[in-house]
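A short worksheet on the structure shown next.
The values are calculated or read from the model by the stated rules, or taken from the named source; none is laboratory data. Just so we're clear, the structure is a prediction, and the values are computed from it rather than from any experiment. Note that each Cβ is placed from the backbone with ideal geometry, even for glycine, and that neighbours are counted across all protein chains shown.
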Amino acid sequence: MITVFNSLSRSKEVFVPSSPNHIGMYLCGPTVYSESHLGHGRTGVSFDVIRRWFEYRGFTVRFVSNVTDVGHITTESDDEGVDRIGQRAKLEQLEPMEIADKYMWAYFRDLEQLGIKKPSITPRATGHILEQIEMVQRLIDRGHAYERDGNVYFRVRSFAAYGQLSGKKIDDLEHGTREDVREEKDDPLDFALWKFAEPEHIMRWNSPWGEGFPGWHIECSAMALKYLGEGFDIHAGGLDIQFPHHEAEIAQAEGAGYKFAKYWLHGNMLTIGGEKMSKSKGNYISLADFYTQKAEPMVLRLAYIQSHYRSIAEVSDDTIEGAKTALGRLREVKRELERRIPEANEGTSATLEQAIARAIHEFETALDDDFNTPKALAAVFDLTREVNAALAAGAGKSSLEKALHFYNTFVGGVLGLYHTTQNSARDDAELLKGLMQIAIEARGVYRQNRDFSRSDGLRERLKALGVSLEDTASGTRWKLES
Ligand SMILES: [Zn+2]
């Protein structure tokens with residue numbers, strides 16, 4: 001039984017899937033107009049672990065995560081909107097679609113490094129203009145939207161449940177809006193579904209209301225319903241877009257007459273040195289810069305999941321150092337198990353097996369309870385101490401194999417911490433080259449000393465590892481057997 005904290009009810013609920021073995025999950029993706037940063041990484045990792053946990057529990061997950069490639073407005077209120085993609089395109093002297101593609105591929109690359117599984121479907125907003133127009137038209141037809149001079153607005157007061165997700169009251173919201181709003185709106189609360197394109201606006205499409213482009217919120221309502229169907233299981237995203245974006249998504253989808261998501265999951269933000277990351281504070285760091293300047297991606301992944309997804313994660317030099325050490329331990333124990341299993345005795349170790357059973361139970365209980373990764377990690381590190389003691393005491397093979405299975409399944413499969421990035425794969429190749437150089441030199445010394453049993457023994461041991469040696473006139477060469 002999995003319980004999830006549903007933002008809609010503001011409480012933990014037992015998760016009941018809409019169909020027995022399948023889960024539909026939607027995650028709001030980025031607007032692709034600049035480098036992805038630590039915040040994108042955290043959201044990605046949080047929901048990647050959640051997805052992997054559902055898969056571990058036997059569900060097939062259709063994971064849909066969009067890419068916003070229509071430039072949307074920079075202000076929350078929809079007023080004096082600036083198209084961020086368009087703005088960046090002018091700055092870099094590129095077509096808006098060049099900007100979108102450039103940063104979209106960079107985003108995928110940065111996330112792949114973090115071991116985040118690819119979505120089942122990655123819909124792009126520009127590829128779903130028709131679906132968005134259709135939904136806007138439905139909202140007009142059903143009395144939830146109105147057109148003014150080529151713009152279409154959602155009439156917030158026509159949707160009584162507005163505010164249900166964020167816990168905001170419509171009347172309080174009214175109070176907070178600014179005076180100098182566009183006068184063509186009937187109500188300052190109303191938000192844009194479709195916007196009229198001024199002549200200089202490059203990204204534009206034909207619509208029943210003239211040439212224009214969709215508002216930001218509408219794409220997620222349209223694309224989530226298209227690929228996951230009505231009443232789908234989970235809608236996820238960062239807490240920072242719970243309002244107004246997610247609130248608006250619900251209003252649009254339900255206003256158009258569709259059942260929307262059953263469970264809403266929100267991931268919290270991160271701080272650096274106790275402060276929110278922002279360009280103005282000078283603590284902003286992109287994922288790409290982090291990987292080259294601070295630590296490898298897997299260290300960051302571990303640093304993220306050391307916090308519960310609904311808590312603020314602190315990423316500081318200290319937490320990164322701590323994560324480096326912890327990751328080293330997790331890699332080391334796996335390596336040691338793999339090294340020792342072939343030569344271990346045929347016995348079992350009751351103490352170790354008990355520890356493994358306990359760790360499995362604790363890990364499963366923690367993740368079933370609203371995906372409590374810090375608790376799950378605690379179970380992993382408790383077990384690691386036991387495994388190291390068992391290795392020192394010469395535990396039996398079948399028990400060690402069970403331990404290895406635990407690491408592969410939970411640390412690798414669920415937490416995704418054994419992902420090999422391109423960077424570390426290159427490091428491994430360098431390391432292998434260096435180690436083979438040392439081995440070949442050692443064998444050369446044995447042979448010079450006519451100690452053939454040692455030199456042949458060394459060759460045999462390398463062969464067992466899948467490395468073959470060939471003596472040629474110009475020296476000894478090695479290769480990995482495929
Ligand atoms: Zn969205």
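Before moving on, here are some points about what is shown:
Matching residues to (1) of a type outside the set (Asp, Glu); (2) in contact with a Pro (Cβ under 7 Å, 6 or more places away or on another chain); (3) buried (at least 21 other Cβ atoms within 10 Å of the Cβ); (4) closer than 25 Å to Val49 by Cα:
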| position | (1), (2), (3), (4) |
| --- | --- |
| Val299 | yes, no, yes, yes |
| Tyr304 | yes, no, yes, yes |
| Arg310 | yes, no, no, yes |
| Glu314 | no, no, no, yes |
| Ile320 | yes, no, no, yes |
| Thr325 | yes, no, no, yes |
| Glu336 | no, no, no, no |
| Glu343 | no, no, no, no |
| Gly347 | yes, no, no, no |
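- Screening Lys185 with (1) within 16 Å of the ligand (Cβ to nearest atom); (2) touching a strand residue (DSSP E or B) at 6+ places or on another chain (Cβ under 9 Å) gives one miss only, at (1).
- Pairs with Cβ under 9 Å, 6+ apart, first in the stretch 428-446 and touching a residue at least 40 places away in the same chain (Cβ under 8 Å) and within 14 Å of Thr476 (Cα to Cα), second hydrophobic (A, V, I, L, M, F, W, C) and part of a helix (DSSP H, G or I): Met436/Leu462
- Candidates are the residues of the stretch 18-38 that are of a type outside the set (Ser, Thr, Tyr) and surrounded by fewer than 19 Cβ atoms within 10 Å (Cβ to Cβ); the one that is nearest to the ligand (Cβ to nearest atom) is Glu35.
- Per the conditions (1) under 30 Å from Asp428 (Cα atoms); (2) in contact (Cβ under 8 Å) with a residue 12 or more places away in the chain; (3) of a type in the set (Val, Ile, Thr), the sole criterion not satisfied by Ile312 is (1).
- Some residue of the stretch 411-428 being farther than 24 Å from Tyr304 by Cα and part of a helix (DSSP H, G or I): yes
- Options Tyr146, Tyr107, Tyr103: the member that is farther than 26 Å from Glu296 by Cα and of a type in the set (Ser, Thr, Tyr): Tyr146
- Residues being assigned to a strand (DSSP E or B) and of a type outside the set (D, E, K, R) - total across the stretch 252-283: 8
Yes/no per residue for (1) of a type in the set (D, E, K, R); (2) within 16 Å of the ligand (Cβ to nearest atom); (3) touching a residue at least 40 places away in the same chain (Cβ under 8 Å):
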site	(1), (2), (3)
Gly257	no, no, yes
His266	no, yes, yes
Leu270	no, no, yes
Ser286	no, no, yes
Phe290	no, no, yes
Lys294	yes, no, no
Leu300	no, no, yes
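- Among the residues making up the stretch 193-212, those that are part of a strand (DSSP E or B) and either at pLDDT below 95 or more than 16 Å from the ligand (Cβ to nearest atom) (or both) are Trp194, Lys195, Phe196, Trp205, Gly212.
- Extreme residue, farthest from Ile2 (Cα to Cα), among residues of the stretch 351-383 that are among the polar types (S, T, N, Q) and surrounded by 17 or more Cβ atoms within 10 Å (Cβ to Cβ): Thr373
- Residue within the stretch 236-247 that is surrounded by 23 or more Cβ atoms within 10 Å (Cβ to Cβ), within 15 Å of the ligand (Cβ to nearest atom) and not in a helix (DSSP H, G or I) present: yes
- Any hit, the stretch 448-470, residues being modelled with pLDDT of 90 or more, part of a helix (DSSP H, G or I), over 30 Å from Leu300 (Cβ atoms) and in contact with a Gly (Cβ under 9 Å, 6 or more places away or on another chain): yes
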